[in-house]
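**Student:** Handing you this structure, nothing more for now.
Only the coordinates and a few stated rules stand behind these numbers; no lab work does. Just so it is clear, the structure is predicted and the values come from calculations on it, not from any experiment. Positions of Cβ are backbone-derived with ideal geometry, glycine not excepted, and every protein chain shown enters the neighbour counts.
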Amino acid sequence: MDGREMSFISHGMPFKVMKPDAEFGGVAYIGDCKCRVRIVHRQDAEKDKRYEVRFPDTELDVKVPTNDTTIVGYMEIKGNWKNHEGKCIFHPIGKNG
């Protein structure tokens with residue numbers, strides 16, 4: 001899964017999480033896998049770990065508190081979004097995470 005593109009069905013993503021300490025919960029596609037995740041922007045984290053990908057976002061239609069979610073990886077934002085050339089890349093937590 002490392003290095004796979006993430007895409008979102010929610011309008012405006014990933015712009016909603018670019019503000020410091022912002023959170024976004026929604027449906028994401030990592031490759032062809034559809035999942036409901038929460039993205040948390042940690043402004044003070046090291047560069048490659050600022051955008052946490054957490055699971056789950058909701059359980060039985062109830063929003064799960066962030067402290068009760070698990071970090072499953074990080075989202076890397078690349079490219080020029082103004083030119084519609086931006087990408088979100090997923091990096092799971094693994095042996096080196």
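**Student:** Calculate, for residue 93 and residue 60, the FRET efficiency according to 1/(1 + (r/R0)^6) with r their C-beta to C-beta distance and R0 30 Å; round to the nearest 0.05.
**Tutor:** It comes out at approximately 0.70.
**Student:** Label-point separation (nm) for residue 70 and residue 36, each offset 7 Å from Cα along Cα-to-Cβ?
**Tutor:** 1.7 nm
**Student:** Could you pull out the longest piece of the chain with no exposed loop GluC sites (Glu not before Pro) in it, calling a site exposed if DSSP puts it outside H, G, I, E, B and it has at most 10 other Cβ atoms within 10 Å?
**Tutor:** 1-45
**Student:** For the chain, what's the radius of gyration and Dmax over Cα atoms, in angstrom?
**Tutor:** Rg and Dmax of the chain, Cα atoms, are 12.7, 39 Å.
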